[in-house]
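Below is one structure. I have some questions about it.
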2 protein chains.
Amino acid sequence: MPESPAPATEPTEPASALRFRAARHADLARVVELIADDAVAAARTGTYGPAHEAAFDAIEASANDELVVAELDGEVVGVMQLTFVPGISRNGATRLLVEAVRVDTRLRSQGLGRALMEHAHARGRERGCTLAQLTSDKQRPDAHRFYRSLGYAQSHEGFKLPL
Amino acid sequence: MPESPAPATEPTEPASALRFRAARHADLARVVELIADDAVAAARTGTYGPAHEAAFDAIEASANDELVVAELDGEVVGVMQLTFVPGISRNGATRLLVEAVRVDTRLRSQGLGRALMEHAHARGRERGCTLAQLTSDKQRPDAHRFYRSLGYAQSHEGFKLPL
């Protein structure tokens, strides 16, 4: 007699639930900590204070900017900022600009960065973007390999000028 | 007897008056023409049409985007797009993103591009930006030299991904 089939089960919540959501004011100190926890950016991020508060308010007030956090089991473990940029070139393409991508250093190489970027691209598509773009400091060869692995073309030189 | 001083004159309009202003809808076909008149961008700009119209409307509707034209003796001879991007990183820096910089090919090497970029930086400062950033296709070494000559650091790799 054949074994009886396994009983049907309800899908259960995975042990580690990763979700993405808009950053809240209460996340901001943690967001600054994530952004600063990086050899290249540490010196220039500053310690959490009024300048970050003002920036958060400006992002909240903008229809084209989003600060997104990744939450794992209720803890903020990643961040990125998205800007939707309308433009005439490339046949009127709206661009998704991705800045300040960070993943908790204790959780690197576990696919979190990839999930974060996939969420960025999905948000971009929802907003009608046909091109994603970002720059990465020349001191970050590992990041460059990561972006190439996502299909990005390393086609441009990136320039910065303090004003 | 000393010569009498030259009669006081009213300042006269210079022979070639360059000015910068927000693009108007009536400029759009010319703007697309300027953006497309370029070996790298020609194929991807498209011919003037509804996609550019929609992009123009989106720029007009955005509080953080400006399409700027340079006008010389009443003719549009240059264009650029400015985006003011609030952000948490770099101690809450607002960034000036410069895209789609073009100067009429007949008027190259006459300081027009420099004047255009100086106007971009002035607008950025007015909007509280502390950093200007842009990317330039790796196929444009002359443009890279130009941006370096303006003081830009060529510090980043630029990545693009179609969505």
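The values are calculated or read from the model by the stated rules, or taken from the named source; none is laboratory data. Only a predicted model underlies this, so the values are computations on that prediction, with no experimental measurement involved. Here the Cβ is made from the backbone with ideal geometry for all residues, glycine too, and neighbour counts use every protein chain on show. Accessible surface areas use protein heavy atoms only, side chains included; no ligands, DNA or RNA. Shrake-Rupley method; radii C 1.70, N 1.55, O 1.52, S 1.80 Å.
Can you tell me which residue within region B:139-163, out of those that are assigned to a helix (DSSP H, G or I) and in contact with a Ser or Thr (Cβ under 8 Å, 6 or more places away or on another chain), is farthest from the other protein chains (Cβ to nearest Cβ)?
Here the answer is B:Ala143.
Moving on. Could you grab me the full set of residues in region B:29-54 that are of a type outside the set (S, T, N, Q) and part of a loop (DSSP other than H, G, I, E, B)?
Within region B:29-54, B:Asp37, B:Asp38, B:Ala39, B:Val40, B:Ala41, B:Gly46, B:Tyr48, B:Gly49 qualify.
Moving on to the next point. Just for region A:128-151: of the residues that are hydroxyl-bearing (Ser, Thr, Tyr) and surrounded by fewer than 17 Cβ atoms within 10 Å (Cβ to Cβ), which one is farthest from B:Ala153 (Cα to Cα)?
Out of the qualifying residues, it is A:Thr130.
Kindly indicate the residue of region A:24-47 that is among the small types (Gly, Ala, Ser) and open to solvent by 20 Å² or more (accessible area, probe 1.4 Å) and also nearest to the other protein chains (Cβ to nearest Cβ) among those meeting that condition.
If we take residues in region A:24-47 being among the small types (Gly, Ala, Ser) and open to solvent by 20 Å² or more (accessible area, probe 1.4 Å), then A:Gly46 is nearest to the other protein chains (Cβ to nearest Cβ).
Name the pairs whose Cβ atoms lie under 7 Å apart, with the first residue in region A:106-127 and open to solvent by less than 50 Å² (accessible area, probe 1.4 Å), the second in a helix (DSSP H, G or I), and 6 or more positions between them or separate chains?
Filtered contacts from region A:106-127: A:Gly113/A:Phe146.
Okay, moving on. Just to verify a result, which residue in region A:64-98, among those that are in a loop (DSSP other than H, G, I, E, B) and at the interface with another protein chain (Cβ under 7 Å from one of its Cβ atoms), is most open to solvent (accessible area, probe 1.4 Å)?
Going through the qualifying residues, I end up with A:Asn64.
State whether the residues of region A:55-62 include one that is facing chain B (nearest Cβ under 8 Å), under 30 Å from B:Asp27 (Cβ atoms) and not in a helix (DSSP H, G or I).
Checking region A:55-62: at least one residue is facing chain B (nearest Cβ under 8 Å), under 30 Å from B:Asp27 (Cβ atoms) and not in a helix (DSSP H, G or I).
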